[in-house]
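Comments concern the structure below.
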Amino acid sequence: MFPRKIDGKSQSWQYNSHDIEFSEPVRRIQLLLSRLESIIDEAPPDTGPRRFGNISFRKWYQILESRVAELFDEALGSDFHETSTNTSAKEATARTELTAYFLGSFGSAQRLDYGTGHELSFLAFLGCLWKLGAFPDADPGVEERGIVLGIIEPYLELIRSLIKTYNLEPAGTHGVWGLDDHSFAPYIFGSAQYSPAIHESDETPTEGSLLGVPSPTQITKDNIVQKERKTNMYFSAIGFIYDVKKGPFWEHSPMLYDISGVKEGWGKINKGMIKMYNAEVLSKFPVVQHFPFGSLFSWDRDPNAISPPRTMHSLSRQQQTNALTGQASVASQAASTHAPWSQPGSSLPGSTAAPGAAPTPRESSMSGTAHPSATRMPLRTTLSDSSRNHPGPMAPTRAPWAQQPPAGSSDDASNIPGPTRAPWAKQP
């Protein structure tokens, strides 16, 4: 999507441009998306009162499920019907995995919402087709641009129609502190459209802008947005925000407003958007928890990956799990006061440990640092055996810090001091 330097001139690719040729698979998927938009007429929105999403979206989704096989035959052909991604008959076919990603691309019929996780599912659907060789070989960047402008942008337009028609709620949104309530991909591709032109062998630019394009600050001007949204995916997403939200832009979209102040240009914005997508979409469990893994996109653990840092959320979940299993949580063990003899390396009372030697601190399994030693009281190492005493007044139980009676004295009741009377008590 980055502009190219060809024969000393800059070549950019805009949405609805005649300079882009779409391959036959791209045109078939375009037809598929247009069929999905026509289903809206078969499932008109419910006119009754509603607080959240319109329940007629469930009917639209049911129609999609019932026709997905027919739609795939038209768009993909019968080649994908029996294509298996594994030699085992028990494994799901490629068509099964494609269907799962495709049906997960248009929101949740149960929750009546749509978010970046559903957008990710559609990108995975296209990624599966790419892996299976559904798109023809072409010069570098040619087919990729056709997919972005010929499939992804029409898909986003379909999603916007579904959101406005059925009032779909944002899924997993951060409110005003999120980038966008529903989408993320158009900001990556759209900022690339306005980045500086490069040669085929150059690395992607990290700053600067293409000559003649609007500056990032222009997103706050409605007339500029309405003009640029017809050709640029970034401004197309901004234009949809203007369609569904009212009020000052800095108030309902503060993050996009702050990003518009980047002085290094669209190249810097594109680099930041990619980092943010990795952090806020791919690395967030609430977003990817519904992403299915199979043979085309498998779940493979990296043995060299660094363990994620422990957070209060993970500790809270561990405490709940331990409470159900009857085990003490890591946090409660770390916060408890340990007995002096429970520390590794310390000795029991009366042992041969050197007097005054500090016990070895117990290492924490979370941070790797030692717990601070708790305040300990000196323990009495010998206790009198009262089991053989004659019946009568019991010998007093002394505190560990109490002094031992002098030699030759008896521990009988006569040595017990009298009760302590209150100052106002009368003398007998």
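The values are calculated or read from the model by the stated rules, or taken from the named source; none is laboratory data. Since the structure is predicted, the reported quantities are computational estimates derived from the model, not experimental observations. No Cβ is skipped: glycine too gets one built from the backbone with ideal geometry, and neighbour counts run over all protein chains shown.
In table form, for the structure just shown:
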| read-out | value |
| --- | --- |
| Members of segment 295-315 found to be of a type outside the set (A, V, I, L, M, F, W, C) and assigned to a loop (DSSP other than H, G, I, E, B), listed by number | S295, S298, D300, R301, D302, P303, N304, S307, P308, P309, R310, T311 |
| Residue within segment 163-172 that is in contact (Cβ under 8 Å) with a residue 40 or more places away in the chain, more than 25 Å from E251 (Cβ to Cβ) and polar (S, T, N, Q) present | yes |
| Check on I224, touching a residue at least 12 places away in the same chain (Cβ under 8 Å) and either assigned to a helix (DSSP H, G or I) or within 29 Å of the chain's Cα centre (by Cα) (or both) | no |
| Conditions (1) more than 23 Å from E97 (Cα to Cα); (2) touching a residue at least 60 places away in the same chain (Cβ under 8 Å): number failed by D139 | (2) |
| Matching residues in segment 294-313 - criterion: being surrounded by 13 or more Cβ atoms within 10 Å (Cβ to Cβ) and under 27 Å from D113 (Cα atoms) | G294, L296, F297 |
| Answer residue from segment 248-300, given it is over 26 Å from S209 (Cβ atoms) and among the charged types (D, E, K, R) and is modelled with the highest pLDDT among those | E251 |
| Unique residue being on the phi > 0 side of the Ramachandran plot and not basic (K, R) when the list is G178, G141 | G141 |
| Residue list for segment 217-270, filter: crowded, with 16+ Cβ neighbours inside 10 Å and basic (K, R) | R229, K268 |
| Residue that is nearest to the chain's Cα centre (by Cα), among those in segment 32-69 that are under 20 Å from A171 (Cβ atoms), surrounded by 13 or more Cβ atoms within 10 Å (Cβ to Cβ) and of a type in the set (D, E, K, R) | R58 |
| Among the residues listed as R50, R35, R58, the single one being assigned to a loop (DSSP other than H, G, I, E, B), of a type in the set (K, R) and touching a residue at least 12 places away in the same chain (Cβ under 8 Å) | R50 |
| Number of positions in segment 99-119 that are under 16 Å from L33 (Cβ atoms), in contact (Cβ under 8 Å) with a residue 60 or more places away in the chain and of a type in the set (G, A, S) | 2 |
| Lone unmet requirement of (1) free of Cβ contacts under 8 Å to residues at least 60 places away in the same chain; (2) within 19 Å of S105 (Cβ to Cβ) for K9 | (2) |
| Subset of segment 18-32 (residues that are assigned to a loop (DSSP other than H, G, I, E, B) and closer than 27 Å to K131 by Cα) | D19, I20, E21, F22, S23 |
| Among residues of segment 68-117, those that are in a helix (DSSP H, G or I) and at pLDDT 85 or above, counted | 20 |
| Hits in segment 127-142 (condition: surrounded by 13 or more Cβ atoms within 10 Å (Cβ to Cβ) and outside any helix (DSSP H, G or I)) | L132, A134, F135, A138, G141 |
| Complete set of residues in segment 255-294 that are part of a helix (DSSP H, G or I) and either in contact with a strand residue (DSSP E or B) (Cβ under 8 Å, 6 or more places away or on another chain) or among the basic types (K, R) (or both) | K268, K271, K275 |
| Close pairs from segment 237-250: first more than 20 Å from G115 (Cα to Cα), partner surrounded by 13 or more Cβ atoms within 10 Å (Cβ to Cβ), Cβ under 7 Å, at least 6 apart | F249/T220; F249/Y257; W250/Y257 |
| Residue check, I274 closer than 18 Å to P3 by Cα, in contact (Cβ under 8 Å) with a residue 60 or more places away in the chain and of a type in the set (A, V, I, L, M) | yes |
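For every residue, the table says whether it meets (1) of a type outside the set (D, E); (2) at pLDDT 95 or above; (3) out of contact with any Pro (no Cβ under 9 Å at 6 or more places or on another chain).
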| residue | (1), (2), (3) |
| --- | --- |
| F135 | yes, no, no |
| A138 | yes, no, yes |
| V142 | yes, no, yes |
| I188 | yes, yes, yes |
